[in-house]
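Only one structure is covered here, and it is reproduced in the block below.
The values are calculated or read from the model by the stated rules, or taken from the named source; none is laboratory data. On a predicted model such as this, the values are computed, not experimentally measured, just so you know. Every residue, glycine as well, gets a Cβ built from its backbone with ideal geometry; the counts of neighbours run over all protein chains shown. Note: accessible area is taken over every heavy atom of the protein model, side chains too, but ligands, DNA and RNA are not part of it. Shrake-Rupley method; radii C 1.70, N 1.55, O 1.52, S 1.80 Å.
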Amino acid sequence: MRKIVIGFVAIILVLFIAYKYLYHEHRDISTEVASFSVSVNQLLKEFTEDETKANSKYLDKSIIIKGKVTSVDSPNKTIVLDEKVFVLLTNSPKVIANTEVSVQGRLIGYDSLLEEIKLDQAQIK
């Protein structure tokens, strides 16, 4: 009987650890301290010079990007900075085109074909 109880407790413990590992809390980018603060031109230059190095430096990190809003799509919660950075916001954008803004978000990639940088979980600072 004792072996059955120990086995049952061990199984429950393993299942609990697996659950905590697989279903941990999501990152809250808005509360994280930004790893980098760069302009659109500087970031784009780094990606065009050496995409692999820039990916290892910026990918999946919280960064602040400064640039001019060139496009606003309120229903889809997106803005475009300097026609080169596509930003998916967590809330509806309260900005107008042709204004300078700083945006904090998670860099999710660089599209070398379109030469476009993509951010998600972003907020205007």
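Quick notes
- Each Cα pair under 8 Å and six or more residues apart adds its separation to the average, and for the chain the resulting relative contact order is 23 percent.
- The chain - mean residue ellipticity at 222 nm from DSSP helices (-39,500 (n - 2.57) per run, n ≥ 4, rounded to 500): -10000 deg cm²/dmol
- Fraction in percent of alpha-carbon pairs per bin - 10 Å, the chain: 12, 37, 22, 10, 9, 7, 3, 0
- Relative contact order for the stretch 10-68: 42 percent, from Cα pairs under 8 Å spaced at least 6 residues apart, divided by residue count.
- Solvent exposure of the stretch 48-125 amounts to 54 Å² per residue of accessible area, where only protein heavy atoms count and the probe is 1.4 Å.
- Dipole of the chain [Lys/Arg +1, Asp/Glu -1 at C-beta], most positive-end residue of 12, 119, 86: 12
- Taking each of 68/125; 57/125; 53/118; 45/77 in turn, the alpha-carbon distance tops 19 angstrom for 57/125; 45/77.
- Counted as membrane-span-like here are DSSP H helices of the chain whose alpha-carbon atoms extend 27 Å or more along the helix's own axis and whose Kyte-Doolittle mean is -0.5 or above; these are 2-22.
- Cut-off under 5 Å, modelled amide H: who pairs with residue 39 long-range: 66
- For the stretch 89-125 versus the stretch 12-35, the gap between their alpha-carbon centres in whole angstrom: 25 Å
- Applied to the stretch 73-81, the Karplus parametrisation 6.51 cos²θ - 1.76 cosθ + 1.60 on θ = phi - 60° returns per-residue 3J(HN,Hα) values of 10, 4, x, 9, 6, 10, 9, 10, 9 Hz, with x for Gly and Pro.
- Rounded percent of accessible protein surface that carbon and sulfur make up, the stretch 44-125, 1.4 Å probe: 49 percent
- Stretched out straight at 0.36 nm per residue, the stretch from residue 13 to residue 74 would grow longer than its current Cα-Cα span by 17.3 nm.
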